[in-house]
Amino acid sequence: MSRKQGTSVGHFLSTEKGIQIMDIAYYVIILTSIISLLFKIMHWPGANSLLIISLQSTATILCIAAFQVPKESALGLTPRQAVWLNFCSYLSLAVLIIGFLFKTMHWPGCNEMIILGIGILSLVSMLKGFMVKPAGAPFLPAGSPFTRIAVSSSIFFLGLSVTILSSLFFLMKWPGTDEMIIIGLGTLPFVIIAYGYLKRKNIDLIGNHSIFKLAVLILVGSFLLLRDNRSLRIISNDLNYGNMVHVKTLNYVKRGDRMLNSFNQRQKMGLSLSEADKVKQAAMLQINAASIEVIRNIDQIKILLLEKAGEDLRSTGENFLLVSKYDDKNPLIPTSLNFYAIMSKDDYDTPMRELGIRGYDDFEQNGVGIQKLWNPYVAFQNQLLELCATYGQYRLTMPKNVSVSNEEQLMELLLKNKVNETELYALVDVYSDLAKAEISENYFYGQRTHWLIDNFDHSPMIKALAVLSDMQSDIAKARAHAFQLIYQRKN
């Protein structure tokens with residue numbers, strides 16, 4: 001019964017009226033897809049819902065189109081072969097579209113569907129390359145136009161299969177990706193030449209509505225690559241810097257440790273500390289404890305983001321996401337990350353969601369971003385300056401939970417307090433190591449936004465982790481500068 005219904009549906013879709021209905025459906029869902037992608041790129045309300053509806057509709061239309069009965073093939077395929085290849089092509093495209101939707105929304109199962117969709121599409125192309133031959137003339141003398149058509153068709157489909165497969169390796173970041181991309185790009189010119197030759201012979205290689213299928217793939221692929229151009233422009237910088245930031249942090253930690261440990265070394269040598277040295281040591285120990293606390297907080301956020309993205313964090317080493325884990329025995333040294341491995345992860349919206357950001361002008365005041373990241377960071381920034389400037393007759397009181405990013409405002413604040421005026425610029429330098437404007441002009445949105453939104457709204461995972469690692473490096477740097485200021489202070 002179902003077979004008969006499927007056949008009748010397929011024949012109806014192949015009639016003039018059926019083709020007319022499908023054409024209208026194709027252009028409607030292309031229009032809704034473009035609109036939904038526009039909403040998503042501009043971060044307008046309802047973008048996710050619109051994207052879900054449009055891509056699901058696209059997949060549904062492709063599933064329906066799978067039952068179309070192809071016209072008699074000029075490539076020598078039997079009707080049964082043409083039907084099954086058409087059926088598999090459309091269904092694999094539908095699975096691929098849903099896989100892209102799942103990947104965009106960060107739902108589980110996205111990679112499996114993309115692998116299945118691209119894998120079947122590549123397999124169908126390969127089978128078609130072996131099956132094509134001039135109808136009724138499988139063997140013809142060399143130089144026959146039918147032979148040229150057969151060879152061109154085989155080159156097109158086999159080359160297309162390799163190119164499609166190389167895109168799967170690229171998306172999944174599997175071993176051998178570079179080699180597959182080289183092979184895929186190497187076969188692409190032959191595919192284009194074969195396509196151009198057969199197009200001149202009025203031979204349709206892809207099937208019905210080839211423009212629609214190509215448009216949908218280009219549309220979705222372009223969206224995945226370009227939907228957050230702000231963040232993608234700096235991925236290469238984050239990648240290069242991210243692999244150096246851990247080394248820089250270690251150097252700053254060592255610089256600070258040398259000054260802090262010098263007091264203990266003196267005592268081990270039997271030398272007593274003066275009262276001034278004891279005051280310096282006490283201030284440096286307080287700064288050290290505060291530095292440990294805020295670095296640990298940021299490290300927990302880095303791990304939280306990776307966990308929420310569903311990453312395996314049990315294994316460590318150069319070939320894994322975590323090169324080395326945070327260790328309480330060395331509390332100032334952050335988790336070391338493999339940024340090249342992180343680059344292969346999509347997870348655009350994970351940092352935004354987990355840090356409590358709902359949109360470019362909306363974030364949770366009690367979310368992790370404010371309570372666990374921003375407020376502790378600003379509190380450390382102000383505490384650091386207070387501990388540096390307060391000693392003997394000098395006193396400094398900083399505002400709570402307010403970051404002073406303007407040097408003129410900071411200088412004015414210092415002068416209102418009773419601080420050592422000979423240390424004014426040194427204090428400004430220590431504070432500037434950490435200074436971040438809480439609210440600043442965002443040129444992309446055209447309005448003033450919070451620092452959290454500037455850095456984590458729809459940002460790739462690699463950018464978010466690079467920002468967090470950079471914050472930890474800044475803390476280690478400010479700690480070293482603060483220690484230097486205190487250590488070199490004359491009694």
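Here are the numbers for this structure:
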read-out	value
Test for ILE203: is it modelled with pLDDT under 90 and either among the β-branched types (Val, Ile, Thr) or not in a helix (DSSP H, G or I) (or both)	yes
Filter result for the condition that a residue is closer than 27 Å to GLN488 by Cβ and either touching a residue at least 40 places away in the same chain (Cβ under 8 Å) or touching a strand residue (DSSP E or B) at 6+ places or on another chain (Cβ under 6 Å) (or both), over LEU250, LEU271, LEU285	LEU250
Top-ranked residue of the range 307-364 - restricted to ones that are among the charged types (D, E, K, R) and closer than 14 Å to HIS458 by Cβ, ranked as modelled with the highest pLDDT	GLU354
Residues satisfying the stated conditions in the range 278-320, i.e. touching a Lys or Arg at 6+ places or on another chain (Cβ under 8 Å) and crowded, with 16+ Cβ neighbours inside 10 Å	LYS280, ILE287, ASN288, SER291, ASN297, ILE301, ALA309, GLU311
Number of positions in the range 355-374 that are buried (at least 16 other Cβ atoms within 10 Å of the Cβ) and part of a helix (DSSP H, G or I)	6
Qualifying position, being touching a residue at least 40 places away in the same chain (Cβ under 8 Å), touching a strand residue (DSSP E or B) at 6+ places or on another chain (Cβ under 7 Å) and not small (Gly, Ala, Ser), among HIS458, HIS450	HIS450
Count of residues meeting criterion [among the hydroxyl-bearing types (Ser, Thr, Tyr) and touching an Asp or Glu at 6+ places or on another chain (Cβ under 6 Å)] in the range 386-432	1
Flag for ALA426 being within 25 Å of PRO331 (Cβ to Cβ) and either of a type outside the set (S, T, N, Q) or assigned by TED's automatic domain parsing to the domain that holds ALA289 (or both)	no
Number of the condition not met by GLU421 [criteria: (1) within 15 Å of GLU438 (Cβ to Cβ); (2) without any contact (Cβ under 8 Å) to a residue 12 or more places away in the chain; (3) not β-branched (Val, Ile, Thr)]	(1)
GLU386 vs. criteria acidic (Asp, Glu) and closer than 30 Å to VAL279 by Cβ	yes
Pairs, first not assigned by TED's automatic domain parsing to the domain that holds ARG258 and of a type in the set (S, T, N, Q) in the range 462-479, second in a helix (DSSP H, G or I) and at pLDDT 95 or above, C-beta under 9 Å, six or more apart	none
Unique residue being among the hydrophobic types (A, V, I, L, M, F, W, C) and modelled with pLDDT under 80 when the list is ALA94, ALA59, ALA142	ALA142
Filter result for GLY310 (of a type outside the set (Asp, Glu), part of a loop (DSSP other than H, G, I, E, B) and in contact (Cβ under 8 Å) with a residue 12 or more places away in the chain)	yes
Residues within the range 380-427 that are among the hydrophobic types (A, V, I, L, M, F, W, C), assigned to a helix (DSSP H, G or I) and buried (at least 17 other Cβ atoms within 10 Å of the Cβ), tallied	11
Which listed residue, of LEU396, LEU468, LEU434, is of a type in the set (A, V, I, L, M), over 19 Å from ARG358 (Cα atoms) and touching a strand residue (DSSP E or B) at 6+ places or on another chain (Cβ under 9 Å)	LEU396
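The values are calculated or read from the model by the stated rules, or taken from the named source; none is laboratory data. The structure presented is a predicted model; accordingly, all values stated were derived computationally and were not measured. Note: ideal-geometry Cβ built from the backbone for every residue, glycine included; neighbour counts use all protein chains shown.
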